[in-house]
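S.K.: First the structure, then my questions, so here it is.
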Amino acid sequence: MSRAAPHPYSTLTPDVVIEAVEAVGHLCDGRVLALNSYENRVYQVGREDAAPVVVKFYRPGRWTTPAILEEHAFALELAAAEVPVIAPEVIGDRSLHESHGFRYAVYPRQGGHWPELGTKDERQWMGRFLARIHAIGRTRQFRHRAELDWRVMGGETMGYLLEEGWIPPHIELAYETVARDALMIVEQRFDEASPYRTLRLHGDCHPGNVLWNDAGPHFVDLDDCMTGPAVQDLWMLLSGRPEEIQSQLDDLLEGYSQFADFDYHETRLIEPLRTLRIMHYAGWLARRWEDPAFPRAFPWFEEPKYWEQHVLDLREQISAME
């Protein structure tokens, strides 16, 4: 499906970026580097006689202002507890600013690389890090952020893709059948794991949102922070064959247990959560297709092969959940 429409980000020019950063007191040197981000727009902006800063322009219409402020408050709360999370700068008692119709925040630049988590020590370190985040996350509740809900991530996504005609006709019935079967098992696994504790989470804890340096891991993005079970922040760090995943999970939880308790019943949610992410990712691309950055970055999304593989992936997840 081809959809072309003007998008608000088309007005976010380098001049607008520099003007926004200078409006909060920074003296820019004119260097603007676009960083890898699709949901929002993120830039590294050079400063005169100082290290560059990173500025994030929030996608218009996605989050309410109270929800963004809760993200900032969580990051600042973690930073105050000396948890290595990159929090927004507070300038004039404000962390969220507006310019040219965009809401934005400014962050210090953090160096590092994506973690490989290839050793037991690294996985234990990450486990301790996540447990410290969760220990803070349990102290209070979000009021304006989303709560992890399989009906939204899976059921609403399936309905949207079918109603908007994203599924190629020759596999539409196959998609609907396998998606419904997968969601039936997802519901069963969530029922089996209930009741489980929920807390404030990072929400999108994959290696791309972690920078690792000599001081260890640093989270650089809490844009998807939410309420949910603790395992949501662990499972995306696991990969490989089932026995490898189990070994990695054991290492993470060994480190985790040094700072927080973990309910092992939640491990039965790992494959259901993976299933929901596969479904949600396809829905995310479809919902963002009017943004010109998405067709350029994901041209394969409109090809039948993608959807054929998507159906196969869901079938594999049914087997994994069973």
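Readers should treat all values here as calculations from the given coordinates under stated rules, not as data from a laboratory. Keep in mind the model is a prediction, meaning the values are calculated, not measured. For neighbour counting, all protein chains shown are included, and Cβ atoms are generated from backbone atoms with ideal geometry for every residue, glycine included.
S.K.: Kindly indicate whether any position in the stretch 171-182 is closer than 22 Å to I278 by Cβ, touching a residue at least 24 places away in the same chain (Cβ under 8 Å) and in a strand (DSSP E or B).
M.R.: No; the residues of the stretch 171-182 include none that is closer than 22 Å to I278 by Cβ, touching a residue at least 24 places away in the same chain (Cβ under 8 Å) and in a strand (DSSP E or B).
S.K.: Among the residues of the stretch 41-60, which ones are closer than 15 Å to L96 by Cα and surrounded by fewer than 18 Cβ atoms within 10 Å (Cβ to Cβ)?
M.R.: P60
S.K.: So which of E187, E156, E163, E176 is touching a Phe, Trp or Tyr at 6+ places or on another chain (Cβ under 7 Å) and of a type in the set (D, E)?
M.R.: Of the residues listed, the single one that is touching a Phe, Trp or Tyr at 6+ places or on another chain (Cβ under 7 Å) and of a type in the set (D, E) is E187.
S.K.: Is the stretch 133-140 home to any residue that is loosely packed, with under 14 Cβ neighbours inside 10 Å, in a helix (DSSP H, G or I) and either within 19 Å of the chain's Cα centre (by Cα) or in contact (Cβ under 8 Å) with a residue 60 or more places away in the chain (or both)?
M.R.: No, the stretch 133-140 contains no residue that is loosely packed, with under 14 Cβ neighbours inside 10 Å, in a helix (DSSP H, G or I) and either within 19 Å of the chain's Cα centre (by Cα) or in contact (Cβ under 8 Å) with a residue 60 or more places away in the chain (or both).
S.K.: Every residue in the stretch 35-57 that is in a strand (DSSP E or B) and under 19 Å from the mean Cα position of the chain (by Cα), please.
M.R.: R41, V42, Y43, V54, V55, K56, F57
S.K.: Another question, if that's okay. Working only within the stretch 159-170, note down all residues that are surrounded by fewer than 20 Cβ atoms within 10 Å (Cβ to Cβ) and within 22 Å of L273 (Cα to Cα).
M.R.: Once the filter is applied, which keeps residues that are surrounded by fewer than 20 Cβ atoms within 10 Å (Cβ to Cβ) and within 22 Å of L273 (Cα to Cα), the stretch 159-170 yields G159, Y160, L162.
S.K.: Pairs under 6 Å by beta carbon, first residue closer than 10 Å to L234 by Cα in the stretch 244-257, partner among the basic types (K, R) and surrounded by fewer than 14 Cβ atoms within 10 Å (Cβ to Cβ), six or more apart or different chains?
M.R.: As it stands, the answer is none, since no pair meets every condition given.
S.K.: Just need a number here: residues in the stretch 80-115 that are farther than 18 Å from V42 by Cα and in contact with a Pro (Cβ under 8 Å, 6 or more places away or on another chain).
M.R.: The number of residues fulfilling the criteria is 2.
S.K.: Also, I was wondering about something else. Residues that are crowded, with 20+ Cβ neighbours inside 10 Å: find the helices (runs of 4 or more DSSP H) completely inside the stretch 227-320 holding 3 or more of those.
M.R.: Passing ranges, in order: 242-256, 270-287.
S.K.: If a residue must be in a helix (DSSP H, G or I) and crowded, with 16+ Cβ neighbours inside 10 Å, how many such residues does the stretch 141-154 contain?
M.R.: So the count comes out to 3.
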